[in-house]
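Data first, discussion second: the structure below is written as structure tokens.
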Amino acid sequence: MQSNIGEWAALAVSLFFSGSSTFFTVAAQRYGAMMANRLRLPFALLLVMALHWLVYGSPLPLGSTGTQWFWMGLSGLVGFLLGDICLLSGYVYVGARLTMLMMSLAPVIATITGWIFLGDSLAGWDLFGVALTVSGIMWVVLERSRRVQGVRDPQYFKGILFGMGAATGQALGLVLSKQGLSGGLPPISGNIMRLVAATIAIWLLTLVQGQSRLTIRRFIEQPQALGYLIIGILCGPVVGVSLSLFAVQHANVGIASTLMALPPVILLPVGHFFFKEHISWQAIAGTLVAIAGVALIFLV
């Protein structure tokens, strides 16, 4: 059991991220995507700062350099701000299952971006994994689009575009994070830098737009939605991210990454029983093909 602790942790990450996306979907449907992100980022920052205090003895990475703050802050703006607004919007328009399936594109985009801009190697099996992932996702998207009629068409395709935007934001955020972490910066410290930049940016934007009072009022009026938001934060940015770091430390990176890419599969029964979605055999098969493509990228 001890020798497989990293693999078990990676599997737990998928479970926690699946729970996080489910709770965030409910919260975003009640608050709206933009407002949910305004509330989510400060709470996530406080909780991760508490975790940093427990691990390193201070709430902020005080010894970090300006260069590290620049790259991690830019990563936070791209990933947490722009990417997560798209992610929460995807949850609202097409639900957690399809949005998380679109998020399977993130390692594909990160692999290609790293190859173009960072000089990372890209083997033939990587290209095949990319093609397999894209094919599986397209199978699900096109199968679902054939069943969507009339007025729901714009909502569905808008949700798919938001899912692609979320995957792009996550992938580019990871590539930028690689620059900030290259000097030996602890990942939890980097996560705080990303959250600080995203939180400051979204609340400056909120003040400029004159939405601060409305946001605070909705925060007070929707205590149940806030509960879903807090549980989602605990499952994702706090427990899920921490377990992912532990998994990478104690297991093969390829195996851990593949196990952590399972939320679209786990969310199939969640979508059916919790959100009452109709899930066809084509959707199941396409999801499994997409996950197989992700596995090829990391394992071969």
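The values are calculated or read from the model by the stated rules, or taken from the named source; none is laboratory data. All values reported here derive from a predicted model rather than from experimental measurement. Here the Cβ is made from the backbone with ideal geometry for all residues, glycine too, and neighbour counts use every protein chain on show.
Structure data summary
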{"read-out": "Matching option when the condition is surrounded by fewer than 17 Cβ atoms within 10 Å (Cβ to Cβ), among the aliphatic types (A, V, I, L, M), in contact (Cβ under 8 Å) with a residue 40 or more places away in the chain and closer than 17 Å to Met100 by Cβ, among Leu288, Leu259", "value": "Leu288"}
{"read-out": "Matching helices (runs of 4 or more DSSP H) fully within region 16-125 where at least 2 residues are of a type in the set (A, V, I, L, M, F, W, C) and at pLDDT 90 or above", "value": "33-56, 66-76, 84-102"}
{"read-out": "Region 5-57, subset more than 29 Å from Phe219 (Cβ to Cβ) and without any contact (Cβ under 8 Å) to a residue 24 or more places away in the chain, residue farthest from the chain's Cα centre (by Cα)", "value": "Gly57"}
{"read-out": "Which listed residue is among the aliphatic types (A, V, I, L, M), closer than 30 Å to Ile202 by Cα and surrounded by fewer than 21 Cβ atoms within 10 Å (Cβ to Cβ), from Ile266, Ile230", "value": "Ile230"}
{"read-out": "Tally of residues being under 14 Å from Gly66 (Cα atoms) and small (Gly, Ala, Ser) across region 185-203", "value": "3"}
{"read-out": "Residue that is surrounded by the fewest Cβ atoms within 10 Å (Cβ to Cβ) [pool: residues in region 60-91 that are over 17 Å from the mean Cα position of the chain (by Cα) and without any contact (Cβ under 8 Å) to a residue 60 or more places away in the chain]", "value": "Gly66"}
{"read-out": "Thr215 farther than 30 Å from Ser14 by Cα, hydroxyl-bearing (Ser, Thr, Tyr) and out of contact with any His (no Cβ under 9 Å at 6 or more places or on another chain)", "value": "yes"}
